[in-house]
Structures are given as structure tokens and as C-alpha cells.
Amino acid sequence: MSRTVISNALRRLTLALALLSAGVLIVATSASAQQIVVGLITKTDTNPFFVKMREGAAAKAKEAGVKLLTFAGKYDGDNQSQVEAVESLIAAGAKGILITPSDTAAIVPTIKKARDAGILVIALDTPLNPIDAADQTFATDNFKAGELIGEWAKATLGDKAAVAKIALLDLSPSQVTVDVLRDQGFLKGFGVDIKDASHIGDESDPRIAGHDVTNGAEEGGRTAMENLLQKEPDINVVYTINEPAAAGAYQALKAVGKDRDVLLVSVDGGCPGVKNVKAGVIGATSMQFPLLMAAKGVQAVVEFAKSGKKPQPTPGLNFFDTGVTLITDKPVPGLPSIGSDQALGKCWG
């Protein structure tokens, strides 16, 4: 074989190897550029709780170098917007979806579509119904959150707890899981017999003045409180699903001069609510940690995308417990709590 032929063959081989190397490089670069997509769907985009949740998700997504797409319902209870959001995320090739479901049962068929498509679905704050319709739930122990404020209210009233008149300001008629858990936890903590732990409003205890719904909003809390005061003017204990509802309830109580006569308790632990504890508007609240829920949710999706590993529940529970702390400036013996000043440094952290 002539030197020319050998030289040409070597040149062709060198070129082929160079092209092959470039091709491998192009494929590798393309694969590395496929950014992980994580979806966050909240009940609304106005409630401060969900604003903090978005902050936590956004910070963790930036840290992890993943793309975060956020969606929200138009109002608390808006299932259709959440259905459309899940479908959009399936189409976008999301690797994971974090959702605070507005209707914990109605959203389940759509969640199944996402999971069937290989997407990791994590419920934040509010468990699906059934809870195993999601791959995992990152949440406050909502029953415990209610139980803590119930125990505090009972201990604070002392002997008067036996003749209390209790108003319960819940979330919505659909009785979503978080609503039921907090309500029933409060009743247990206060010492009211729970008949069906999965249902609100079946109590026979004469201390229950009634239930009404608030949609988790200040205006709803005010209207619900006005309704229940018309039914039972001697109400002296008020439980609310969250702190915006508590703020509305307080306005209604103040309008009729009962703001100093009623023990008002709630769940949330947001800075506005903690300030209301400091101001004496709310006697006690249970602090949640939505920023932590969302951050851990994003982290779990990243881990799933890289290894296929799904997050596990807290031992002994069927969800991952992100913690709850009782906040009050009037502590009672035997019930651990922190004061409003300390709590202001932890708001929803």
C-alpha cells in the first residue's frame, strides 16, 4: 500500500474519530441541558401562607438549578384551576408536582394521570383523600396543631371549660382533610367527644354553639362569626381554621363589644398572626412551616429525578411531619410553647 493511500486512510480515520467525539460531546451537552422541571400548585396566590410556600420553593429551586413553574387557584376551593395546572405540568414534562389541593378528593383522578406519567406527586400541607393518592405528603401534623390549641384553651379556662360555648369557624363545606384534622384535633384537645373523626359537625356536646365556614379568608371569618353570634350570643371560645379567619372573627366580636370576653385560637403561625398573639387578639396559635415544606418538596423531586428514590414518611406516621409549635404569651403548665417575641423570628420558616 502506498504512502499516499495510508496517509489518506489515516486522515479519514482521524476525521471520523473527531466527528464521533464531537457527536458524543453534542449528546452529552444536550443531556446536561435538560433541566429538571418542578411544579408548585397552591390553593391561591394571595394567602400569605402560600406566598411563603412559593418563597421556599423558589429559593430551593434556584439553589438546585432546577426550573420551577407555579400555579394557583383563583380562590380556596377552586379545583378546576388546579386540574388544569396539573395537566399543564404533565405536558411540560415536569419531573415532580408539589400541590396544596383545594378539593382533596376531586383532584385525585388528575393526580393519578400525573403519577401514571411517571411524575412524583407530593401533597404539601393538605393530604389528599385518600392520603396515598400522592407519592408522599409533607405537612404539619394538622390534628396535633388543633389539639395543641384545644388543650391550651381548656387549660386557660380551667373550671369554666365545662360550661363553655364554642364556635368553630371551619374552611369549606367540602370538608377537606386539613379542615377536618384541625377541627377534630381542637375538639379532642378541649375534651369534646369525637364521634366520626373524618367528619365535621356531628358532635352532641351541648358546649358546641355551632360551625360555619370561612373559605380561610378574613371576610369569611367575619361573616361566619356574625352568623354564629346570632345563633348563640354567649359564645366565649372561638376556634378558627387559620389566622386570616381569626382576624375576621375578631372584627365581628369587637363590633358587638365581645372582643375581650372571648378566647380566640387558631392555626398558622404567620407573622401577621403572631403579631395578633402579641396584641392579644389571638390567645394561642399553632405555627406551621410552609417554607420548609416547599423546600423539602423541591429537594425530594431533585433526588427522585437523579436516583428514582421517593421520599419516605416520618416513622410511625403516614406522612412526613414538618413540625408544629404552640405560640402564646399566656403559657400553661405542662404544655410546651414559645412566646410571640421568639415566634416572630420563626414565622413560617
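Report whether or not residue 72 is buried (at least 21 other Cβ atoms within 10 Å of the Cβ), closer than 15 Å to residue 301 by Cβ and modelled with pLDDT of 95 or more.
No: the conditions fail for residue 72.
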Of the conditions (1) more than 14 Å from residue 166 (Cα to Cα); (2) part of a loop (DSSP other than H, G, I, E, B), residue 233 fails just one. Which one is it? (1)
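One line per residue, one yes/no per condition, for (1) farther than 23 Å from residue 215 by Cβ; (2) out of contact with any Phe, Trp or Tyr (no Cβ under 6 Å at 6 or more places or on another chain); (3) of a type outside the set (D, E, K, R):
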residue	(1), (2), (3)
61	yes, yes, yes
87	yes, yes, no
103	no, yes, no
109	yes, yes, yes
113	yes, yes, no
Selection status of residue 144, more than 24 Å from residue 291 (Cα to Cα) and either in a helix (DSSP H, G or I) or of a type outside the set (A, V, I, L, M) (or both): no
Would you confirm whether or not region 94-117 contains a residue that is within 25 Å of residue 308 (Cα to Cα), small (Gly, Ala, Ser), outside the structural domain of residue 197 (by TED's automatic domain parsing) and touching a residue at least 40 places away in the same chain (Cβ under 8 Å)? yes
Search region 218-239 for residues that are in the same structural domain as residue 253 (by TED's automatic domain parsing) and pair each with any residue that is among the polar types (S, T, N, Q) and not in a strand (DSSP E or B) when their beta-carbon atoms are under 7 Å apart and the residues are at least 6 apart or on different chains. 220/214; 221/214; 222/251; 224/214
Of the residues in region 58-87, how many are in a helix (DSSP H, G or I), touching a residue at least 24 places away in the same chain (Cβ under 8 Å) and under 24 Å from residue 129 (Cα atoms)? 6
Flag for residue 134 being modelled with pLDDT of 95 or more, among the aliphatic types (A, V, I, L, M) and surrounded by fewer than 24 Cβ atoms within 10 Å (Cβ to Cβ): no
Check whether at least one residue in region 265-277 is in the same structural domain as residue 156 (by TED's automatic domain parsing) and among the charged types (D, E, K, R), and report yes or no. yes
Residue count, region 70-118, condition under 21 Å from residue 60 (Cβ atoms) and of a type in the set (D, E, K, R), comes to 1
Of everything in region 166-200, what is crowded, with 21+ Cβ neighbours inside 10 Å and farther than 22 Å from residue 232 by Cβ? Give them in sequence order. 176, 177, 178, 180, 181, 185
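Mind checking which residues of region 154-180 are touching a Phe, Trp or Tyr at 6+ places or on another chain (Cβ under 6 Å) and more than 16 Å from residue 242 (Cα to Cα)?
154
The values are calculated or read from the model by the stated rules, or taken from the named source; none is laboratory data. Since the structure is predicted, the reported quantities are computational estimates derived from the model, not experimental observations. Glycine also receives a Cβ, built like all others from the backbone with ideal geometry; neighbour counts cover every protein chain displayed.
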